[in-house]
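In what follows, a structure is listed as structure tokens, so that the remarks can point back to it.
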Amino acid sequence: MKIELADISHRYGDAEVLRDISLSIPDGQIVCIVGPSGCGKSTLLRFIGGLEKPSAGQVLQRGEMPAGCLNPLTYIFQDFALLPWRSVSGNVSLVLEDHGIRGRDATKIIDDVLERTRLTDFAHALPRQLSGGMKQRVAIARALAVNPAVLLMDEPLSALDSQTRELLMDDLIMLWGRQPFTAVYVTHNLAEAVRLGHRIVVLSRRPGCIRKVIDIDKPLAERKPGDHDLDAFQQQLWELMRDEARAADAELINA
Amino acid sequence: MPEQGVVREVAFRGGGFAPKTRRRVGLVVFVALIALAEWGTRAGWISALTLPRPSDVLQTFIELYSSGLLFKHLVPSLMRLVVGAAIGVTIGIGTGVLIGLFSYIRSGLVPLIAAIFPIPKIALLPLFVIWFGIGEGSKYALIAFGTFTPTVVATYGAVDNVDRTLIRMGQSFGLTWFSIVRKIVLPGAMPGILSGLRISLAIAIILLVAAEMLGAEYGIGAYILEAGSLYDLERLFVGVIILSVLGVVVSGLIGAAEKRLLNWRV
Ligand SMILES: Nc1ncnc2c1ncn2[C@@H]1O[C@H](COP(=O)(O)OP(=O)(O)O)[C@@H](O)[C@H]1O
Ligand SMILES: [Mg+2]
């Protein structure tokens, strides 16, 4: 399934947040959205997921949903959004229950996604017993359980320390390698963007509009930390963003 | 340059501000106070009119128990407490959740709740008698009404405090409205609801005495009021102590419920 954004603009009261965003998210690819903080990345992602409506423009889905897809547009949140009163498997089962999947069918799906995220041994643990990286893996397992057409990730690694972030990036790459998924990945971390993105969209400061779209052809599996090509892309991104980030920073002080 | 001059250990200035439960200290305070009263009343520096002798109070209690009157008083009181509080708490939690979820209900009811909260419910007893009769109905109504307002306020506060990102998460996975309320809002509000319940149920016990002021032959409240009107301090104290114990038991029950329901908290 493919997502298309057509001329999206948005304002909150007097503040113009996004201006004329048109973008297409190809099937089976990861599109990273980078930009200075406050430029409207999270807002854009909420539009794509149908959690909010833009003042102008449309979000379109094109093509068929994959078979067995329970929730085509599925989020992974920065702060994990796990129910603290449910165990790891309970958190996954939460999103199946409303589809009438219970008992043996549910167990099959839960076992499968926990295995894919290496959480099988922690099925009965409560979120407070888990480390940050494990919590985010539970959130990923929960998202995989509904067999999504598009994963929407809002800074999924930003709450984690840098070592855990590396590990989870490897996990995401491994999951994508096993079964390529479509994803929109919002981040302010350029290293994450060049590691995970097939396409990187750079937004300007508020009001956010598209400054540049960069495609990286190198397969995900071949991208390693310290890779020279990637460093060059990262440098290029940083040069695009530096002035914007500086200006955005100054703006927040005045606001 | 090598360091010179005086060497001092860095003074400790952390600590404190973290009270812990020390077992038995509470008991020691109780025992000491009772022993003091016993000694004072025996030695004569507390006159019998000021304070009854603890051993006499105990004697009165034993008499009450062995005459079988204890349960004759206790059972109707517990009945009133349970029925009244159950009605008040149920309607209170329901109303609180609705206020927490719907703008119109919130705007309509919050000022109303603020207006009825400070009314001493005892003052309305005559009204309840007219509405619900002199029998059990008016007693249930008084206790229910008294527990209703604090429960509502605690519940909608608790619902307001439920993590919005969890609700967004539920919506983003396409959960139904009813599922979000049942599986996210209610468990998330449970800590606040339970701590509100501590206050509501204590108020229910306070109102028990008021409820039994009119036309109750048996009941702890009736027993206390009768003893009070006769200035029978021993019996008055027996009744008051039963209410205290009731309060401790209720608080213990809520504590147990918190342990069971909120074991997910850190
Ligand atoms: N619900 C809202 N109401 C008003 N302003 C908002 C709301 N959400 C976000 N904003 C504003 O919109 C701008 C973009 O926010 P956001 O999309 O969260 O940025 P980003 O994720 O890129 O940091 C910010 O200036 C923010 O203050
Ligand atoms: Mg954001």
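Some points to look at:
- Among the numbered conditions (1) more than 27 Å from B:G137 (Cβ to Cβ); (2) open to solvent by less than 40 Å² (accessible area, probe 1.4 Å); (3) touching a Lys or Arg at 6+ places or on another chain (Cβ under 8 Å), the only one that B:P187 does not meet is (3).
- When B:A211 is tested against the conditions (1) within 30 Å of B:F71 (Cβ to Cβ); (2) at pLDDT 95 or above, the lone failure is (2).
- Failed item in (1) over 16 Å from the mean Cα position of the chain (by Cα); (2) away from chain A (no Cβ under 14 Å); (3) open to solvent by 20 Å² or more (accessible area, probe 1.4 Å), with B:V209 passing the rest: (1)
- The listed residues are B:G188, B:G157, B:G170, and the only one of them that is touching a Pro at 6+ places or on another chain (Cβ under 9 Å) and over 27 Å from B:L78 (Cβ atoms) turns out to be B:G188.
- Residue in the range A:192-209 that is open to solvent by 20 Å² or more (accessible area, probe 1.4 Å) and of a type in the set (A, V, I, L, M) present: no
- So A:L152, is it away from ligand 1 (no atom under 16 Å from the Cβ) and surrounded by 15 or more Cβ atoms within 10 Å (Cβ to Cβ): no
A quick yes/no check of all residues on (1) more than 13 Å from chain B (Cβ to nearest Cβ); (2) modelled with pLDDT of 95 or more:
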residue: A:L70; (1), (2): no, no
residue: A:Y75; (1), (2): no, no
residue: A:Q78; (1), (2): no, no
residue: A:L83; (1), (2): no, yes
residue: A:V88; (1), (2): no, yes
residue: A:V92; (1), (2): no, yes
residue: A:E97; (1), (2): no, no
residue: A:G100; (1), (2): no, no
residue: A:A106; (1), (2): yes, no
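- For the range A:64-80, filtering for residues that are assigned to a strand (DSSP E or B) and either over 13 Å from the mean Cα position of the chain (by Cα) or of a type in the set (V, I, T) (or both) leaves 2.
- Within the range B:167-179, considering residues that are open to solvent by less than 20 Å² (accessible area, probe 1.4 Å) and closer than 22 Å to A:L152 by Cα, the one farthest from the other protein chains (Cβ to nearest Cβ): B:G170
- Residue match in the range A:6-16 (condition: open to solvent by less than 20 Å² (accessible area, probe 1.4 Å) and within 16 Å of ligand 1 (Cβ to nearest atom)): yes
- Among residues of the range A:38-68 being among the hydroxyl-bearing types (S, T, Y) and surrounded by 15 or more Cβ atoms within 10 Å (Cβ to Cβ), the one that is farthest from the other protein chains (Cβ to nearest Cβ) is A:T43.
- Close pairs (7 angstrom Cβ cut-off, 6 or more residues apart or separate chains): within 14 Å of chain B (Cβ to nearest Cβ) in the range A:178-194, away from ligand 1 (no atom under 16 Å from the Cβ) anywhere: A:V184/A:I25; A:V184/A:V150
- Residue within the range B:178-198 that is under 20 Å from the mean Cα position of the chain (by Cα) and of a type in the set (K, R) present: yes
- Any chance A:R118 is within 13 Å of chain B (Cβ to nearest Cβ), open to solvent by 20 Å² or more (accessible area, probe 1.4 Å) and either of a type in the set (D, E, K, R) or part of a helix (DSSP H, G or I) (or both): no
- Taking the range A:205-255 as the range and being in a loop (DSSP other than H, G, I, E, B) and within 20 Å of A:H10 (Cα to Cα) as the test, the residues that pass are A:R205, A:R206, A:P207, A:C209, A:A255.
- Output for the range B:120-151, where each listed residue is part of a helix (DSSP H, G or I) and open to solvent by 40 Å² or more (accessible area, probe 1.4 Å): B:I122, B:A123, B:L124, B:P126, B:L127, B:I130, B:W131, B:F132, B:E136, B:Y140, B:F145
The values are calculated or read from the model by the stated rules, or taken from the named source; none is laboratory data. These numbers come from a predicted model, not from an experiment. Positions of Cβ are backbone-derived with ideal geometry, glycine not excepted, and every protein chain shown enters the neighbour counts. SASA here: full protein model, heavy atoms, side chains in, ligands and nucleic acids out. Shrake-Rupley method; radii C 1.70, N 1.55, O 1.52, S 1.80 Å.
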